[in-house]
């Protein structure tokens, strides 16, 4: 058994032990996403905004429903009246009044349009909440895979360090027996020192990535589940970029917000045009008026008047100083702006979707290329080790082959994580990213 084979055997044994302990403490991606929901401020803000929009819509509904008010009052009047030959009248007369007034809109088109705008406001807030949720899924996933990538980097650097240490020991033995030069020993020592520095950097990077994940989720001591080996990356379906673009132009939250904003702008124009229309209300009232000391016409006589009324009130605008015409012009311009914003959003989303789709395609090709490169560099290392043992290769050849192998392994691991993240970002660009996609990623993790 060669030294590399012994090293790989030890690494596999350690990995198996680690995987055996994972289920007791490690967390899946979907678990961290659920934890993050109760902590993430942007998502909670979007959820609160949706609740506020729902309450605002109910406020607009009030313009279609009846209203009632209770009013009352007490007045006190002193009257001194001179009546010619009659004795003067000195009257201290309080008046007590209480009543109920109710009104039901019969024809108020502006109120009806305002109610429709309130309902569209709920749709806008829901689209914003959906966008915030998709952003949360992407941010947690990115932090999750950043930790896994940093762990893989540290693992490969430590494995390379162990391999270089073994090569350094071999160079020292060969130098002592005279079959190698001092150059071989110094080259191995230099490479060992370099890998030690890389190990320190990898440890620090892993610590930083863990802190970022904990900050995103809101819990300390997180241990993400690694990808199961061998990794089987799912293909992107559908495989046609135009299909993704068509979906994005309809479902992407930014496009949905812009489309609803255009509807709201159209309703605002219709609302402004109602400034020329009449309004009709059904009104009813009931009041009671008491005068305990009488009135001027009937002094000293207690009186009580009960008045009930019902009727229809019509209000027809005639001229408002061209305010309505100018308001309509303003809303028409705002409608054009909303239409331009919708076109801009669709173009940006289409471009982002295409870029995300081709990024995933490129990443999958890179994974396949790196898998082939991993096998090639593995064979090259074994050939260089054999050549070093028989004297046709020098120590630096083996060290370079080791460095190339572990660099390829790191690049392959990172490329796999990039493909998974690229797939999630593609679905986010298309507006279809959901918790089901996160659960699908969980199926690729070790259990």
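What Kirkwood hydrodynamic radius do you get for the chain when you take the inverse of the mean 1/r over all pairs of distinct Cα atoms, in Å?
29.5 Å
Give me the angle, in degrees from 0 to 90, between the Cα long axis of helix 241-251 and the longest principal axis of the Cα atoms of the chain, rounded to the nearest 10.
30 degrees
Could you order peptides 375-386, 303-314 by the average number of other Cβ atoms within 10 Å of their residues, highest first?
Sorting 375-386, 303-314 by mean packing, highest first, produces 375-386, 303-314.
With N set to the residue count of the stretch 267-376, report its C-alpha Rg divided by 2.2 N^0.38 Å to two decimal places.
That works out to 2.71 for the stretch 267-376.
With a Förster radius of 60 Å, plug the Cβ-Cβ distance of residue 177 and residue 25 into 1/(1 + (r/R0)^6) and report the FRET value to the nearest 0.05.
0.80
So, R0 is 41 Å and r is the distance between the beta-carbons of residue 447 and residue 389; what FRET efficiency does that work out to, to 0.05?
The formula returns an efficiency of 0.50 here.
Give, in nm to one decimal, the length gained when the segment between residue 165 and residue 229 is fully stretched (0.36 nm per residue of separation minus the Cα-Cα distance).
20.3 nm
Over the chain, what is the relative contact order in whole percent, taking alpha-carbon pairs under 8 Å and six or more residues apart?
The value is 24 percent.
Take the Cα pairs of the stretch 188-336, get the Kirkwood Rh, then feed it into Stokes-Einstein at 20 °C and 1.002 mPa s and tell me D in µm²/s.
Roughly 83 µm²/s, to the nearest whole number.
So how far apart, in nm, are the two label points at residue 190 and residue 95 if each is 7 Å from Cα heading toward Cβ?
Going from the residue 190 label point to the residue 95 one covers 10.9 nm.
For the chain, set up a GNM with springs between Cα atoms under 10 Å and report which of 343, 40, 281 has the largest fluctuation.
281
Within 10 Å, count the other beta carbons around each residue, average over each peptide in 46-53, 413-420, and list them highest first.
Going by the mean number of other Cβ atoms within 10 Å, highest first, we get 413-420, 46-53.
Give me the angle, in degrees from 0 to 90, between the Cα long axis of helix 41-61 and the longest principal axis of the Cα atoms of the chain, rounded to the nearest 10.
With rounding to tens, the tilt is 20 degrees.
Pairs of Cα atoms under 8 Å, at least six residues apart: use those to get the relative contact order of the stretch 113-202, whole percent.
RCO, the stretch 113-202: 30 percent.
Return one number: the angle in degrees, 0 to 90 and rounded to the nearest 10, between the long axis of the Cα atoms of helix 182-217 and the longest principal axis of the Cα atoms of the chain.
20 degrees
Taking the chain as a Gaussian network, where each spring joins two C-alpha atoms under 10 Å apart, which residue of 153, 269, 95 fluctuates the most?
Ranking 153, 269, 95 by mean-square fluctuation puts 95 first.
Laboratory data are not the source of any read-out in this text; all were calculated from the coordinates shown. Every value quoted in this text rests on a predicted model; they were computed, and no experiment measured them. Because the Cβ atoms are built from the backbone with ideal geometry, glycine has one as well, and the counts that use them run over all protein chains shown.
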